[in-house]
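The values are calculated or read from the model by the stated rules, or taken from the named source; none is laboratory data. None of these values were measured; they are calculated from a predicted model. So basically every Cβ, Gly included, is an ideal-geometry build from the backbone, and we count neighbours across all protein chains shown. We work out accessible area using only protein heavy atoms, side chains counted, and drop any ligands, DNA or RNA first. Shrake-Rupley method; radii C 1.70, N 1.55, O 1.52, S 1.80 Å.
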Amino acid sequence: MIDLRSDTVSKPSLAMRKIIMNSDVGDDVIGDDPTVKRLEKLSAEIVGKQAALYVPSGTMGNLIALLVHCEINKAAIVGSESHILWHEGLGATKMGGIHLSQIKNESDGTFSEDELLNFTNDQVSLLGVLCIENTQNRCGGRVLNSSYIANIARFSKTVDCPVHMDGARIFNAAIALNCNVQDLTKDVDSVSFCFSKGLGAPVGSVLCGNDEFIRKAKKIRRNLGGGMRQVGIIASAAEYALLNNIDRLAEDHENAKLLAQHLLKFPCLEIDLKSIETNIIYAKIIGIDGDKLVASLARHGVQVSQPKTKQEIRIVTHIDISREQVLEAVSIFEKVISNISD
Ligand SMILES: Cc1ncc(COP(=O)(O)O)c(C=O)c1O
């Protein structure tokens, strides 16, 4: 099966499994796990923050960030296409009484400038945090560059509001922009990123910020049930991923471009090639039934997802997908589409 539904589907490599087996562990809730300590230190250093906290998921990382930045009745500004809004179940609203206020995301993942500038004028809640997402998943893995992020941070200062970056795929952004990841994180107050997506680890994310922020975050993690005991057993895989799997993300980006270029030849798929900056492709399905296409692809050995509508598929390349599999997937698309069109 060529599984292109998400970069979350990859499985730990043999080398990673060996590292897992030999993990040095301790009770992390009481601060005794040496592997977690190393991972948190390394994560904070890589993104240029004072401290970091290992958390079970990207969702929990974002939730904790919002709970720390916002008090009750404050608003978190999020993009209209953000993961926080669409896929994190209003956790911040339920747990923290935090109002999620939306600003329209443009197709390139940036905020609508008009909406952003007008935003502070008509809000019932005080601003608690402004959230940006890099790469922007639902916009198709689009990257926010350092000058855009610096502008957002400057604006945010004028309204006295911290910035949180959902950087689930921040290394994809850095690789696509050919920059140091710190160029993308230096202007934000907090950033979370995931080990279990393009980096290929089985579990976990990390939340980074200043010492005071992480001290508060740690208490909230415990309250949410996110304190994990001998968690070095998985933190070792995350550490391995950080040390070994960042540069290779470029291959996933090349594979995504290659796949999109080939898929363009099918008139029933509409793809904006210019929008493919990282490992995510969105294709609109024209003239054939989306559900039928997806089911038939799966029967022939290619899995894709439909996170938005049934007439739009998302295709994601990742560490377990080779160039050969990309070309094989193209042949399967060809076969399936010609069968459906007959
Ligand atoms: C942009 C973004 N943020 C956050 C998350 C949440 O991560 P997790 O699934 O680990 O909770 C995801 C998951 O796909 C994501 O794409």
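Give me a count of the residues in region 18-49 that are without any contact (Cβ under 8 Å) to a residue 60 or more places away in the chain and either of a type outside the set (A, V, I, L, M) or outside the structural domain of CYS208 (by TED's automatic domain parsing) (or both).
Residues in region 18-49 being without any contact (Cβ under 8 Å) to a residue 60 or more places away in the chain and either of a type outside the set (A, V, I, L, M) or outside the structural domain of CYS208 (by TED's automatic domain parsing) (or both): 6 in total.
Just to be sure, is GLU88 of a type in the set (Asp, Glu), near the ligand (Cβ under 8 Å from one of its atoms) and modelled with pLDDT of 95 or more? If you could, list the steps in order and put the result at the bottom.
Values: of a type in the set (Asp, Glu): yes; near the ligand (Cβ under 8 Å from one of its atoms): yes; modelled with pLDDT of 95 or more: yes.
Yes: the conditions hold for GLU88.
Would you confirm, using the coordinates I've provided, whether ALA173 is within 21 Å of LYS41 (Cα to Cα), in a helix (DSSP H, G or I), of a type in the set (A, V, I, L, M, F, W, C) and open to solvent by less than 10 Å² (accessible area, probe 1.4 Å)?
Criteria not met by ALA173.
Tell me the residue from ASP160, ASP183 that is at positive phi and either modelled with pLDDT under 95 or part of a helix (DSSP H, G or I) (or both), please. Lay out the reasoning, then the answer.
Working: ASP183 fails: at positive phi.
Only one candidate passes the filter, namely ASP160.
Applying the selection to region 158-170, what residues are surrounded by fewer than 21 Cβ atoms within 10 Å (Cβ to Cβ) and near the ligand (Cβ under 10 Å from one of its atoms)?
none
Could you check region 199-317 for strands (runs of 3 or more DSSP E) lying wholly inside it with 1 or more residues that are touching a helix residue (DSSP H, G or I) at 6+ places or on another chain (Cβ under 9 Å) and open to solvent by 30 Å² or more (accessible area, probe 1.4 Å)? Before you say what the answer is, go through the steps one by one.
On the way: elements: 205-209, 280-285, 312-316.
The strands (runs of 3 or more DSSP E) meeting that bar are 280-285.
Looking at PHE155 and the list (1) away from the ligand (no atom under 16 Å from the Cβ); (2) under 23 Å from the mean Cα position of the chain (by Cα); (3) surrounded by 15 or more Cβ atoms within 10 Å (Cβ to Cβ); (4) not in a strand (DSSP E or B), which single condition is not satisfied?
Only one criterion in (1) away from the ligand (no atom under 16 Å from the Cβ); (2) under 23 Å from the mean Cα position of the chain (by Cα); (3) surrounded by 15 or more Cβ atoms within 10 Å (Cβ to Cβ); (4) not in a strand (DSSP E or B) is unmet by PHE155, namely (2).
For SER82, state whether it is polar (S, T, N, Q), surrounded by fewer than 23 Cβ atoms within 10 Å (Cβ to Cβ) and within 11 Å of the ligand (Cβ to nearest atom).
On the way: polar (S, T, N, Q): yes; surrounded by fewer than 23 Cβ atoms within 10 Å (Cβ to Cβ): no; within 11 Å of the ligand (Cβ to nearest atom): yes.
When the stated conditions are applied, SER82 does not pass them.
If you take the residues of region 91-132 that are of a type in the set (Asp, Glu) and at pLDDT 95 or above, which of them is nearest to TYR282 (Cα to Cα)? Working first, answer last.
Of the residues in region 91-132, the ones of a type in the set (Asp, Glu) are 106, 108, 113-115, 122.
From what is left, the residues that are at pLDDT 95 or above are 106, 108.
Details: GLU106: 15, ASP108: 13 Å.
Of everything passing the filter in region 91-132, ASP108 is nearest to TYR282 (Cα to Cα).
Take residues that are free of Cβ contacts under 8 Å to residues at least 24 places away in the same chain and closer than 28 Å to LEU177 by Cβ and tell me which of the helices (runs of 4 or more DSSP H) falling wholly in region 50-147 contain 2 or more. Give the steps one after another, and end with the answer.
Values: elements: 58-69, 83-87, 91-96, 113-118.
Output list reads 113-118.
Go through region 20-39 and report how many residues are open to solvent by less than 40 Å² (accessible area, probe 1.4 Å), farther than 18 Å from PRO202 by Cβ and either of a type in the set (A, V, I, L, M) or part of a helix (DSSP H, G or I) (or both).
Pass one, region 20-39, residues open to solvent by less than 40 Å² (accessible area, probe 1.4 Å): 20, 23, 26-29, 31, 33, 35-36, 39.
Next cut, farther than 18 Å from PRO202 by Cβ only: 26-27, 29, 31.
The next check asks that each one be either of a type in the set (A, V, I, L, M) or part of a helix (DSSP H, G or I) (or both); those that pass are 29.
Within region 20-39, residues that are open to solvent by less than 40 Å² (accessible area, probe 1.4 Å), farther than 18 Å from PRO202 by Cβ and either of a type in the set (A, V, I, L, M) or part of a helix (DSSP H, G or I) (or both) number 1.
Name every residue in region 186-198 that is assigned to a loop (DSSP other than H, G, I, E, B) and either crowded, with 24+ Cβ neighbours inside 10 Å or within 16 Å of the ligand (Cβ to nearest atom) (or both), in order of residue number. It would help to see each step written out before you state the result.
Pass one, region 186-198, residues assigned to a loop (DSSP other than H, G, I, E, B): 186-189, 195-198.
Within region 186-198, VAL188, PHE195, SER196, LYS197, GLY198 qualify.
Among the listed residues LYS11, LYS104, LYS74, identify the single one that is farther than 30 Å from SER146 by Cα and open to solvent by 40 Å² or more (accessible area, probe 1.4 Å). Show your work before the answer.
Details: LYS104 fails: farther than 30 Å from SER146 by Cα; LYS74 fails: farther than 30 Å from SER146 by Cα.
After applying the criteria, what remains is LYS11.
Find all pairs meeting these conditions: Cβ atoms under 6 angstrom apart; at least six residues apart or on different chains; first residue within region 149-174 and without any contact (Cβ under 8 Å) to a residue 60 or more places away in the chain; second residue open to solvent by 20 Å² or more (accessible area, probe 1.4 Å).
Partner pairs satisfying both residue conditions: ILE149/ASP187; ALA150/ASP187; ALA153/ASP187; VAL159/THR120; VAL159/LEU127; VAL163/ASP189.
Can you tell me which condition ARG5 does not meet? The list is (1) in the same structural domain as PHE195 (by TED's automatic domain parsing); (2) within 15 Å of the ligand (Cβ to nearest atom); (3) not aliphatic (A, V, I, L, M), and all the others hold.
(1)
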